[in-house]
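Everything on this sheet refers to the single structure shown next.
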Amino acid sequence: MSTKLPVLNAPRFSDALPSSGETFTYRPFLVKEEKYIQLTKNSEDINVIQDSLKSLISSCTSINDVDKLPLFDIEYVFLRLREKSVGDVIELKMKHVEVTDCEHVETVFMDLKKIRVQRSENHSNTIILDPDRNISIKMRYPKYKDVSKITNEDEFSSILNVLTECAEMVTQGEEAFMMKDFSTQEKKDFFLNFSLKHMESVKEFFDTMPKICYDLEWTCSKCGKTESHTIEGVQSFLS
């Protein structure tokens, strides 16, 4: 007679990371991992959310180094986990975006199978800073640890911190300067010498980088007005 209870096997699925197309496998999260969902759902601390998502993804997927994933990859993987674990439909309570005479709260259902990766046609990781001198900068996508750096300081310092973390390489003609070879202060000084036009180019990189979103449209059953929303961010998809 066996002295051990049988172990239930969870089904496994496969998908591809939006950033690289690399295939990964995953399984639904288990009861023991439910705590990570609750922490992600209830916390407003970006560090708590980051650690919870990392722990959940590490436990439930074949992805070896979660720290290397850009923000939108982590959100995408989490939503795939949520879909297979809890269900692919989320119930939302929606109000009108603008103040109207109708204060009705509508029950709306969101289908996670219809989440999409929004990509901009002209988006590029390489930003041309000075075409005459052939100077460019190559950026990487921010990760959760980068986003956490915008919470504790004034807005300008926070943005500067993210820029120094996400800058990978500067090139001038055939010469390449790897940003990891320079100190944090040297990198900050480099960005502080940018013109407003240069900063607009860098800002465009962040504004147009891929993001996970859902196009939600619903009609109020009381007044008949149709509302449209684009939902973004992990906590927006939690229920």
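Assorted remarks:
- Surface composition of the chain: carbon and sulfur make up 49 percent of the accessible area, probe 1.4 Å.
- Cα-Cα P(r), the range 116-234, percent of pairs per 10 Å interval: 11, 36, 28, 14, 7, 3, 0
- Net charge in the neighbourhood of residue 125 (other residues with Cβ under 13 Å of its Cβ; Lys, Arg +1, Asp, Glu -1) is +1.
- Against the rule of thumb 2.2 N^0.38 Å, how large the Cα Rg of the range 1-116 comes out: 1.31
- Each listed q (0.21, 0.29 Å⁻¹) maps to a log10 I(q)/I(0) for the range 26-85, found by the Debye formula over equal Cα scatterers with no solvent: -0.77, -1.44.
- In summary, the lysines within cross-link reach of residue 113, defined as a Cα separation below 27 angstrom excluding same-chain residues under 8 places away, comprise 32, 35, 41, 54, 68, 84, 93, 95, 143, 211, 225.
- Under a model in which nothing but the beta-carbon of Lys, Arg (+1) and Asp, Glu (-1) is charged, the range 1-99 shows a dipole of about 480 debye around its Cα centre.
- Along the chain, longest interval not containing exposed GluC sites (Glu not before Pro), exposed being DSSP loop plus at most 13 other Cβ atoms within 10 Å: 175-239
- Most mobile listed residue (212, 90, 135) in the chain, GNM with C-alpha springs under 10 Å: 135
- The range 36-158, relative contact order in percent, only Cα pairs under 8 angstrom and at least six apart counted: 20
- The chain, Cα convex hull volume normalised per residue, Å³: 198
- Ratio of the Cα radius of gyration of the range 51-181 to 2.2 N^0.38 Å, where N counts its residues: 1.44
- Across all C-alpha atoms in the range 105-175, the radius of gyration and Dmax reach 18.0, 60 Å.
- Residue range of the chain that is longest and free of chymotrypsin sites (Phe, Trp or Tyr not before Pro) which are both DSSP loop and sparsely packed (at most 16 other C-beta within 10 Å): 1-181
The values are calculated or read from the model by the stated rules, or taken from the named source; none is laboratory data. Given the structure is predicted, the values throughout are model-derived calculations rather than measurements. No Cβ is skipped: glycine too gets one built from the backbone with ideal geometry, and neighbour counts run over all protein chains shown. Ligands, DNA and RNA are excluded from the accessible area calculation, which covers all protein heavy atoms including side chains. Shrake-Rupley method; radii C 1.70, N 1.55, O 1.52, S 1.80 Å.
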